[in-house]
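First up is the structure itself, then whatever we jot down about it.
The values are calculated or read from the model by the stated rules, or taken from the named source; none is laboratory data. If you're wondering where the values come from, they're calculated on a predicted model, not measured in any experiment. So basically every Cβ, Gly included, is an ideal-geometry build from the backbone, and we count neighbours across all protein chains shown.
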Amino acid sequence: MHWTWIGRLAPAILSAVLAAQDLKEFEKKITEFSLPNGLHFIVLRRPLAPVVSMVTYVNVGSANDTSGKTGLAHMLEHMAFKGTDSLGTSNWLEEKKTLASIEQIYDKLEAERNKGPRGSKEAAAKLEADLKAAIEKANGFVVKEAYSTLIQENGGVGMNAGTSVDSTTYFYSLPSNRLELWFLLTSKVFRQPVMREFYKERDVVREERRMRIESSAQGKMQETLQMSAFLAHPQRTLIGFSSDIEGLRAKDSEAFFRQHYVPSNMVMVLAGDVDPVKARALAATYFSSLPTGPTPPRVTTEEPKQEGERRITIETPSQPLIFFGYKRPAASHPDDAALNVLANALSSGRTGTLYKELVEQKKISLAALASPNFASQKYPGLFMFLAAPSPGKTIDENEKAILEIVERVKKEKYGEEVLSRVKNQVRAGLVRGLESNFGMAIQLASNYMLYGDWRRMFTAIQEIEKVTAEDVRRVAETHFVEAQKSAVFTKAPAAKKEESK
Amino acid sequence: MTSQIGVALLACQMAFGQAAPARRAAPPAAMRTVKDLKFGPLPELKLPEVTTFTLANGMKVYLLENHELPLVRGSARIRAGNVHDPANKTGLSDIFGEVLRTGGTQSKTGDQLNEMLEGIAAVIESDVGETSATIGFNTLTEHTGKVLDTFKEILTEPAFSQDKIDILKNQYRGVIARRNDQPSPIASREFERLMYGPTTPWGRQMEYETLENITRGDLFAYHKRFYFPANILLSVQGDFETAAMRAQIEKLFADWTVKEAPAPPLPPVLQKAVPGAFLASKTDVNQTFFRLGHLGGRLDDKDYAALEVMNDILGGAGFTSRLMKKVRSDMGLAYGVSSGWNAQFDHTGTFVISGSTKSESTVDTIRAVLGEVERIRSTEVTDEELRVAKDSTINSFVFNFDSPSKTLGRLVTYDYFGYPKDFLFQYQKALAAVTKADVLRVAKQYLRPEEFTLVAVGNPAEFKTPLESLNLPVKKIDLTIPEPKRAQPAASAETLARGKQLLEKLQQAVGGAGKLAAVRDYSHNADVKLLSVPGGMKATQVTRILPPQVRFEQKLPFGAILVYSDGKGGGWLKGPQGAGPLPPQVVRQANDELFRMHPALWLSDQNPDRKVNAVGPNTVEITDAGGNWIKLEFDPKTGLVAKSNFRGPDNSESEAAYGDWKEVDGIKLPHQWTIQIGGKPAAEITVTEYKINTSLTVEELSKQP
């Protein structure tokens, strides 16, 4: 069985050297520059095939939503593909007027509703009818999906956007000869987004919440875990609460855009068959006129210290599940590398401790996993565990078995072969990631924005190489503290009495 | 989908590659519009060169050198598939595919393989699909030799260790138990089952029983039948020298020379259309997840290109499709709605429209969807729509070649399914020729709304208008998961004879078979002490049975529960919170009660539907075809039943211990017993009165108070 020794024989130093080499090689392919207005570009030249992926990464996420307007960052993300003043409209001047009148009517309606019991129901009903009519009138000017059609007919693929607690990203890929189309459209949208079809889109987002959260036991558990772990910090909900979504306004969305989508708060990454000199020229042509703005305020609310374990149940007819997490610091914290190694040792592949013990040995779980940062990297989040009990096995048994492991990793060090395995996996993961233009673009963007330098993709590996078994034990002991734990469990709904013969 | 397949780059260059005319002075960037943009030609596409050869043992090999990154990966494609699984072992391919990888080899355990592979960050995974199987590897260049050796070992001499089979079966039991938790997968699954027929190789699903039937021997037989060199296409690509890799592979597989008959042909898809609406009720969701469609076609159909264009315009191209524009942008009724012409290489695929909308708007959304189907069937699409659909495919064609692995994968796939190597280019030619008239013609010919099957998973109580308003017959889908059949001790002529003897001894001890046979109806009143409640709770109950009808009344401190079951799934239930139809679990409990009714149970040897098998010196097990079972343990002195074990609520095993036997109308009956559920004391029952043959009537039993 000579091969079992490989992990132990390959010294960590070897991988560290390789990572450094990777970085040196990689640096040659990267060009980065900032425009005078502060907008930063990173260009990765990878001329393997005549295609290019474009990612716009905005340093704003659901954590920037304010109370009463949860879901706004995500709602604005939905508006980015609605077109421009010249694309998606049959008559922009008239459409613009109508959109403004929608907001005026809505203001009056809100004012009436704000009167509470002293308001006039008739007046509100009249305004509601006016609002509906104005929305329908505005829709009359819309050329449906003009923006996405234009990208598609030009061979664009993978067009989409995403919002997280930390960030909002917009992306697609084009044949490389059409890259200028991206410059043109993106610069227009980020200079002046239009709140076209805002209120239809709000209904769509409400459906999205029904689909992802309200009709899914797992979705409910995730959101509930966030809400129970974070009582103050605004990472409680990502998609927003129903009633907040239903009250979001186009003018809020526009104000949110003006505040957060300033050049210094965004990074644009192009990866693929792209000439960096031309890219630079196009960037200057199209994006130089983006107005600068004050750097947006950072989230200042800090979660108050948790003073004891929180345990929440969710009644659902679904089969049992348990999610729980311990508070952990943001990814910028020095413990991050060791926490990543710990999560890998616990949860990766078929050799992870959770899989081996809960699934294979004790046979009490269908799946048992750990994740080092849920649901944020920018802010303190959770080191999360989740388990799905096997048939006939209970949530309690699963939680107990995981807690035994938690206590063990706080006391005992992992063996060197485990550390070596984890480090090899992380390094190979980086190499495999280099195969995808889009994957690289996302990595470059998020590393730049979260850490101030895309090189962190590589230097993070060097940090991981330095992690010792004692570091792993120490971070477990430091962060796996019962008083910092929040747990969410499913529970079968109380059986109706008729059925419990 | 169309993003994968397109029209030749050549065409794309002709259309868009004209030299840009002398440029007008460009307007300032802020004023520029799309019309001001001129795109240059794409560089000429260099197709990677694939080396192919066949080994002496018959295995076909494809090599593609690519030094971009220090990685090597490969994949063996094996002609196997779950459509060949025997019906009573549905799921065999799933178990096989996984345990091939996890169950170790003749020289290494699965755990050793895991440690070794994960230690060097290499991956080997195996999978069996509907009509093809794969086993693939992925490694850093430096470990290629070791990983290839391991790959070959797993491919050629797997060990299928029993412990890994057991673990996986346990996992799959959980998968079965959880299959009704998420609404969207339910909708997809039930639609597929209706499309292909739930008992056909294309439509059936793994159940507890079929899972239990799968043995380690089956896995070895599966491996022998399908995993032989001439049945495999092996592709390897990445950071190697072709000549060296060829030599390495030739050497590696030189000793693997097993032969088998070619894999059997695929079973035909014979299912007929099942028009109508099928509703699966799920009350914990607030959206309805729907699927709407019928069987579709194959990739080699002559109209395939026109069908893809039609489908893109209808609902296959995301935001720009009519369905998204109508249902999402216009009506705000769905986050996503799409259609798919899911043509398959080797069998009939499906045409399906999918989406989800809040419960209230279910019928409105489906109506809107049907309206779009009608529109594309009755009017030609616009020039603009046709142009966009074609341009999207033509201009994104280059993405078919954006990584060498796509070219290699396509080549192997076409070979595997017997398609021409230039199938993609033939398709692009056909697509370029599609006209508006073609789109209308295929929409009319291939979309048949009168044959549509609608599957809806949701909460019908919240529908604003019922599904019936769509003028479709509405049938309910029963999502009940068939109970696992209990493993039964083997029966032989000898054990069956002894079982009959033991039961006959019981019949004599209680008063004779004749007395038992004369029982037409049967009732008892009892006092019950519920031990599962702290401190115990007292109740009284009345059970009246006129087979197959059962009426059961229980009086508890907080109210009474009254149940009537007609023995055919019907009946009613009345409790402190009102009356209603019988929930499925109560139907089952009533049927269990019927199965266990003493006089009939004790005569089971005279019932051709039941089997009485001696499983111990004083124990018989009585089973029926419906999965009911009970074990009776006799007191060797008296011949009476001392104890029974049976299926209790929630499938936990229950046990009853009997005492206080007294004669009633010439039959000895127990007047006292205690019940344990899952090993914990649950109830003490004391019978205050038995009544036999009191001329019970159906009217009496079924009468609601």
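When the residues of region A:108-122 are filtered to those that are exposed (fewer than 15 other Cβ atoms within 10 Å of the Cβ) and of a type outside the set (D, E, K, R), which remaining residue is farthest from the chain's Cα centre (by Cα)?
So in region A:108-122, the residues exposed (fewer than 15 other Cβ atoms within 10 Å of the Cβ) come out as A:110-111, A:113-122.
Narrowing further to those that are of a type outside the set (D, E, K, R): A:111, A:114, A:116-117, A:119-120.
On the way: A:Ala111: 35, A:Asn114: 34, A:Gly116: 37, A:Pro117: 41, A:Gly119: 41, A:Ser120: 43 Å.
Per the criteria, the residue is A:Ser120.
Every residue, every condition in (1) over 22 Å from B:Gly119 (Cβ atoms); (2) more than 14 Å from chain B (Cβ to nearest Cβ); (3) modelled with pLDDT under 95, yes or no:
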site: A:Ala343; (1), (2), (3): no, yes, no
site: A:Leu346; (1), (2), (3): no, no, no
site: A:Thr351; (1), (2), (3): no, no, no
site: A:Pro372; (1), (2), (3): no, yes, no
site: A:Ala387; (1), (2), (3): yes, no, no
Elements of type strands (runs of 3 or more DSSP E) in region B:639-705, at least 2 residues being closer than 24 Å to B:Lys568 by Cβ: B:641-647
Condition met for A:Phe190 (closer than 30 Å to A:Ala375 by Cβ, more than 11 Å from chain B (Cβ to nearest Cβ) and of a type outside the set (Gly, Ala, Ser)): yes
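Evaluate the following for B:Val236: is it surrounded by fewer than 23 Cβ atoms within 10 Å (Cβ to Cβ), of a type in the set (A, V, I, L, M), in contact (Cβ under 8 Å) with a residue 60 or more places away in the chain and not in a helix (DSSP H, G or I)? Walk me through how you get there before you give the answer.
Working: surrounded by fewer than 23 Cβ atoms within 10 Å (Cβ to Cβ): no; of a type in the set (A, V, I, L, M): yes; in contact (Cβ under 8 Å) with a residue 60 or more places away in the chain: yes; not in a helix (DSSP H, G or I): yes.
The answer is no for B:Val236.
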A:Glu477 in a helix (DSSP H, G or I), farther than 30 Å from B:Leu582 by Cα, touching a helix residue (DSSP H, G or I) at 6+ places or on another chain (Cβ under 9 Å) and modelled with pLDDT of 95 or more: yes
Leading residue by the ranking (surrounded by the fewest Cβ atoms within 10 Å (Cβ to Cβ)) among those in region B:327-343 that are facing chain A (nearest Cβ under 9 Å) and in contact (Cβ under 8 Å) with a residue 24 or more places away in the chain: B:Met331
Restricting region A:143-160 to residues that are among the hydrophobic types (A, V, I, L, M, F, W, C) and facing another protein chain (nearest Cβ under 8 Å), the residue that is nearest to A:Asn91 (Cα to Cα): A:Leu150
Which numbered condition A:Trp182 fails, given (1) surrounded by 21 or more Cβ atoms within 10 Å (Cβ to Cβ); (2) within 9 Å of another protein chain (Cβ to nearest Cβ); (3) in a helix (DSSP H, G or I): (2)
Where a residue in region A:279-291 is in a helix (DSSP H, G or I) and its partner, wherever it lies, is at pLDDT 95 or above and surrounded by fewer than 16 Cβ atoms within 10 Å (Cβ to Cβ), with Cβ under 8 Å and at least six apart: A:Arg280/A:Phe33; A:Ala283/A:Phe33; A:Phe287/A:Asn37
Conditions (1) in contact with a strand residue (DSSP E or B) (Cβ under 8 Å, 6 or more places away or on another chain); (2) under 30 Å from B:Ala277 (Cα atoms); number of the one not met by B:Asn180: (1)
Of all residues in region B:362-389 being among the hydroxyl-bearing types (Ser, Thr, Tyr) and assigned to a helix (DSSP H, G or I), the one that is surrounded by the fewest Cβ atoms within 10 Å (Cβ to Cβ): B:Ser378
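Name the single residue that is surrounded by the most Cβ atoms within 10 Å (Cβ to Cβ) among those in region A:37-69 being of a type outside the set (A, V, I, L, M, F, W, C) and either over 18 Å from A:Pro296 (Cα atoms) or within 14 Å of another protein chain (Cβ to nearest Cβ) (or both). Full working, then the answer.
From region A:37-69, those of a type outside the set (A, V, I, L, M, F, W, C) are A:37-38, A:40, A:45-47, A:50, A:53, A:56-57, A:59, A:61-62, A:64-69; that's our starting set.
Those still in the list that are either over 18 Å from A:Pro296 (Cα atoms) or within 14 Å of another protein chain (Cβ to nearest Cβ) (or both) too: A:37, A:45-47, A:50, A:53, A:68.
On the way: A:Asn37: 15, A:Arg45: 17, A:Arg46: 19, A:Pro47: 14, A:Pro50: 23, A:Ser53: 26, A:Gly68: 12.
Applying the filter and picking the extreme gives A:Ser53.
Residues are listed down the side, and each one gets a yes or a no for (1) over 21 Å from B:Ile667 (Cα atoms); (2) touching a Lys or Arg at 6+ places or on another chain (Cβ under 6 Å):
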site: B:Glu462; (1), (2): yes, no
site: B:Ile477; (1), (2): yes, no
site: B:Ile481; (1), (2): yes, no
site: B:Thr495; (1), (2): yes, no
site: B:Lys500; (1), (2): no, no
site: B:Ala513; (1), (2): no, no
site: B:Gly536; (1), (2): yes, yes
Where a residue in region A:453-474 is in contact (Cβ under 8 Å) with a residue 24 or more places away in the chain and its partner, wherever it lies, is of a type in the set (Phe, Trp, Tyr) and surrounded by fewer than 19 Cβ atoms within 10 Å (Cβ to Cβ), with Cβ under 8 Å and at least six apart: A:Phe458/A:Phe26
Region B:153-194, subset closer than 15 Å to A:Leu366 by Cα and not in a helix (DSSP H, G or I), residue farthest from the other protein chains (Cβ to nearest Cβ): B:Arg179
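Helices (runs of 4 or more DSSP H) wholly in region A:196-265 with at least 2 residues that are closer than 30 Å to A:Pro320 by Cβ and of a type in the set (Lys, Arg) - which ones? It would help to see each step written out before you state the result.
On the way: elements: A:198-209, A:217-229, A:242-247, A:250-260.
Where helices (runs of 4 or more DSSP H) fall fully within region A:196-265 and carry at least 2 residues being closer than 30 Å to A:Pro320 by Cβ and of a type in the set (Lys, Arg), they are A:198-209.
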Test set (1) within 15 Å of A:Ser347 (Cα to Cα); (2) in a helix (DSSP H, G or I); (3) away from chain B (no Cβ under 14 Å) - A:Val422 fails condition number: (3)
A:Glu103, sole failed condition from (1) outside any loop (DSSP other than H, G, I, E, B); (2) touching a residue at least 60 places away in the same chain (Cβ under 8 Å); (3) charged (D, E, K, R); (4) farther than 15 Å from A:Ala133 by Cβ: (4)
Sole residue being crowded, with 22+ Cβ neighbours inside 10 Å and more than 23 Å from B:Ala273 (Cα to Cα), chosen from B:Ser354, B:Ser392: B:Ser392
Every residue from region B:313-326 that is surrounded by fewer than 22 Cβ atoms within 10 Å (Cβ to Cβ) and among the hydrophobic types (A, V, I, L, M, F, W, C): B:Phe319
Cβ pairs under 9 Å, 6+ apart, first in region A:306-324 and within 14 Å of chain B (Cβ to nearest Cβ), second assigned to a strand (DSSP E or B) and surrounded by fewer than 13 Cβ atoms within 10 Å (Cβ to Cβ): A:Ile314/A:Lys491; A:Glu315/A:Lys491; A:Thr316/A:Lys491; A:Pro320/A:Lys491
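Restricting attention to region B:344-354, report how many residues are within 14 Å of another protein chain (Cβ to nearest Cβ) and in contact with a Phe, Trp or Tyr (Cβ under 6 Å, 6 or more places away or on another chain). Give the derivation first.
Going through region B:344-354, the residues within 14 Å of another protein chain (Cβ to nearest Cβ) turn out to be B:354.
Now narrow it down to the ones that are in contact with a Phe, Trp or Tyr (Cβ under 6 Å, 6 or more places away or on another chain): none.
Of the residues in region B:344-354, 0 are within 14 Å of another protein chain (Cβ to nearest Cβ) and in contact with a Phe, Trp or Tyr (Cβ under 6 Å, 6 or more places away or on another chain).
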Pairs, first crowded, with 20+ Cβ neighbours inside 10 Å in region B:608-630, second part of a strand (DSSP E or B) and among the basic types (Lys, Arg), C-beta under 6 Å, six or more apart: B:Glu621/B:Lys631; B:Ile622/B:Arg610; B:Thr623/B:Lys611
Among (1) at the interface with chain A (Cβ under 10 Å from one of its Cβ atoms); (2) outside any loop (DSSP other than H, G, I, E, B) - the single one B:Ala121 does not satisfy: (2)
Test for B:Ala273: is it within 30 Å of A:Val205 (Cα to Cα) and either assigned to a loop (DSSP other than H, G, I, E, B) or of a type outside the set (S, T, N, Q) (or both): no
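Filter region B:326-354 down to the residues that are polar (S, T, N, Q) and not in a strand (DSSP E or B) and list them by number.
As a first pass, look at region B:326-354 and keep what is polar (S, T, N, Q): B:329, B:338-339, B:342, B:344, B:348, B:350, B:354.
Matches in region B:326-354: B:Ser329, B:Thr348.
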Number of the condition not met by A:Ala125 [criteria: (1) surrounded by fewer than 21 Cβ atoms within 10 Å (Cβ to Cβ); (2) in the same structural domain as A:Val204 (by TED's automatic domain parsing); (3) over 30 Å from A:Gly272 (Cβ atoms)]: (2)
